[in-house]
Amino acid sequence: MTGRTHDAIAFASLVTVAGLYPPNSITIGTFFACVVGNIIGAALPDMDQESNKLWDLLPAGDTIGSIFRRVFLGHRTLSHSLIGVFIFYKIFEWVLPRVFNSSFVDPQLVLFSVMIGTISHLAGDALTKDGIPLLFPFPVKFGFPPIRAFRITTDSWMEKYVVMPSVFLYLVWFLQSQKDNLLTLLKNVS
Ligand SMILES: [Zn+2]
């Protein structure tokens, strides 16, 4: 799947969790850190690709990227597995409380938002023909639906004209159906 589709699915997932389980209070700093964290989380698994936008954010990102990409052991391997998700979780669980002052930004909520992005990325890639190696290093690929022929090809018309609009329609429907919860959440941003 393309980065744009991953961003859209991640954002829809974040809004869904926020609407179903709204936090009682949230600072404006936490609010924005969660949205940005979610987008970063959605891009994390594809850091195994040179074109990943996260490398552009780092100074000398291309050089660092070419070294660290070897850590990922090839495209769609470690970073698209349960072990990979666990490693990302541990890294962010350690980093976030050290980056943010907890009186302005709640690191726990940001951590959840990052992970929602990452997990939604894997769910998105599971819809593609390649599937994902969830149990890496075991070389079994998982996809949904299980029959490969019914899954989509990355950047195909299916992704652009069916998946993207479906995510958008879902979001409109969800915002409508949960608008009370979401408005309360927005009012609680301080
Ligand atoms: Zn991916």
Pick from region 32-54, criterion surrounded by fewer than 22 Cβ atoms within 10 Å (Cβ to Cβ), assigned to a helix (DSSP H, G or I) and more than 13 Å from the chain's Cα centre (by Cα), ranking: farthest from the ligand (Cβ to nearest atom): Phe32
Output for region 1-12, where each listed residue is in a helix (DSSP H, G or I) and either within 14 Å of Pro45 (Cβ to Cβ) or of a type in the set (A, V, I, L, M, F, W, C) (or both): Gly3, Thr5, His6, Asp7, Ala8, Ile9, Ala10, Phe11, Ala12
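Conditions tested, residue by residue: (1) β-branched (Val, Ile, Thr); (2) at pLDDT below 95; (3) surrounded by fewer than 21 Cβ atoms within 10 Å (Cβ to Cβ); (4) away from the ligand (no atom under 15 Å from the Cβ).
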site	(1), (2), (3), (4)
Thr77	yes, yes, yes, no
Ile83	yes, no, yes, yes
Lys90	no, no, yes, yes
Val105	yes, no, no, yes
Val110	yes, no, no, yes
When residues of region 19-31 are limited to those that are of a type in the set (A, V, I, L, M) and in contact with a strand residue (DSSP E or B) (Cβ under 9 Å, 6 or more places away or on another chain), the one farthest from the ligand (Cβ to nearest atom): Ile28
Among (1) surrounded by fewer than 19 Cβ atoms within 10 Å (Cβ to Cβ); (2) touching a helix residue (DSSP H, G or I) at 6+ places or on another chain (Cβ under 7 Å); (3) in a loop (DSSP other than H, G, I, E, B) - the single one Pro97 does not satisfy: (3)
Qualifying positions in region 56-75 - modelled with pLDDT of 70 or more and either closer than 14 Å to Phe136 by Cα or under 16 Å from the mean Cα position of the chain (by Cα) (or both): His75
Yes/no for Val99 being over 26 Å from Arg4 (Cβ atoms) and within 21 Å of the chain's Cα centre (by Cα): yes
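The values are calculated or read from the model by the stated rules, or taken from the named source; none is laboratory data. Remember, it's a predicted structure, so these values are computed and weren't measured experimentally. Using ideal geometry, Cβ is built from the backbone for each residue, glycine included, and neighbour counts are taken over all protein chains shown.
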